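To keep things clear, I will list the structure first and then write my remarks on it.
The values are calculated or read from the model by the stated rules, or taken from the named source; none is laboratory data. Not measured: the values here are computed from a predicted model. All Cβ positions, even for glycine, are placed from backbone atoms using ideal geometry, and neighbour counts span all protein chains on display. To get the accessible areas, we keep the full protein, side chains included, count just its heavy atoms, and leave off ligands, DNA and RNA. Shrake-Rupley method; radii C 1.70, N 1.55, O 1.52, S 1.80 Å.
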Amino acid sequence: QVQLVESGGGLVQPGESLRLSCAASGIIFSINAMSWYRQAPGKQRELVATVFRAGSTSYADSVKGRFIISRDNAENTVDLQMNSLKPEDTAVYYCNKFTGPFLPWGLGTQVTVSS
């Protein structure tokens, strides 16, 4: 059974950091490009960052230079280090494949950036 479980979210002040983690089970993790997505209230889900099979990465312009995505194929995890957080980063964060068909979405982890 395929399962994605996100963790690490919380309430932080602007400028602070958080590290999110996604644990995947039931899939051959290493063959997939994996991504982090986020969905803010009233907005569509958007792609935040991707780590490809060979380890290369790409980022949305809004997070470039602040977020770092990484993966551990042995542990079937993909992490997102978020630095210099801004209020506009507030959203529920999810992980999934970079391309469809997507895996069943997890519950996500809430990130709130507020003073």
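Once amide H atoms are placed 1.01 Å from N in the peptide plane, what residues at a sequence separation of 5 or more from C95, or on another chain, have their amide H within under 5 Å of its amide H?
Residues meeting the amide H criterion: Y37, G106.
Using Cα pairs under 8 angstrom and six or more residues apart, how large is the relative contact order of region 62-115, in percent?
Dividing the mean separation by the residue count of region 62-115 yields 29 percent.
Enumerate the calculated ³J(HN,Hα) couplings along region 4-11 in order (Karplus 6.51 cos²θ - 1.76 cosθ + 1.60, θ = phi - 60°), each rounded to whole Hz, writing x wherever the residue is Gly or Pro.
10, 10, 9, 8, x, x, x, 9
Could you sort 9-15, 109-115 so that the peptide with the highest average Cβ count within 10 Å comes first and the rest follow in order?
Most protected by this proxy first, the peptides run 109-115, 9-15.
Looking only at region 60-80, which residues have a backbone nitrogen under 17 Å from a spot 7 Å from the Cα of S17 in the C-beta direction?
Correct set: 63-71, 79-80.
When only Cα pairs under 8 Å and 6 or more residues apart are kept, what is the percent relative contact order across the chain?
Relative contact order for the chain comes out at 37 percent.
Taking θ as phi - 60°, what are the ³J(HN,Hα) couplings along region 62-70 by the Karplus curve (6.51, -1.76, 1.60), each to the nearest whole Hz, with x for Gly and Pro?
5, 10, 4, x, 10, 9, 9, 9, 8
Check cross-link reach from K97 to the aspartates and glutamates: straight Cα distance under 20 Å, and skip same-chain residues fewer than eight apart.
Those aspartates and glutamates meeting the cut-off are E6, E46, D61, D72, E75, D79.
Compute the length gained on full extension between V2 and K43: take 0.36 nm times their separation in residues and subtract their Cα-Cα distance, giving the result in nm to one decimal.
Separation in residues times 0.36 nm, less the Cα-Cα distance, equals 12.1 nm.
Give, to the nearest whole percent, the P(r) tail of the chain beyond 18 angstrom, counting all Cα pairs.
Of all Cα-Cα pairs in the chain, 44 percent lie more than 18 Å apart.
Take the Cβ-Cβ distance between K64 and S25 as r, set R0 to 25 Å, and report the resulting FRET efficiency rounded to the nearest 0.05.
Result of the calculation: an efficiency of 0.25.
Per residue of region 99-115, in order, report the coupling 6.51 cos²θ - 1.76 cosθ + 1.60 (Karplus, θ = phi - 60°) as ³J(HN,Hα) in whole Hz, putting x for Gly and Pro.
Values, residue by residue: 10, x, x, 6, 6, x, 5, x, 7, x, 9, 7, 10, 10, 10, 7, 8 Hz.
Just the number, please: carbon plus sulfur as a percent of the accessible area of the chain, 1.4 Å probe, no ligands or DNA/RNA counted.
After summing per-atom areas, the C and S share lands at 51 percent.
Stretched out fully, how many nm does the piece from R53 to N83 gain, at 0.36 nm a residue minus the Cα gap?
The R53-N83 span can extend by a further 8.4 nm.
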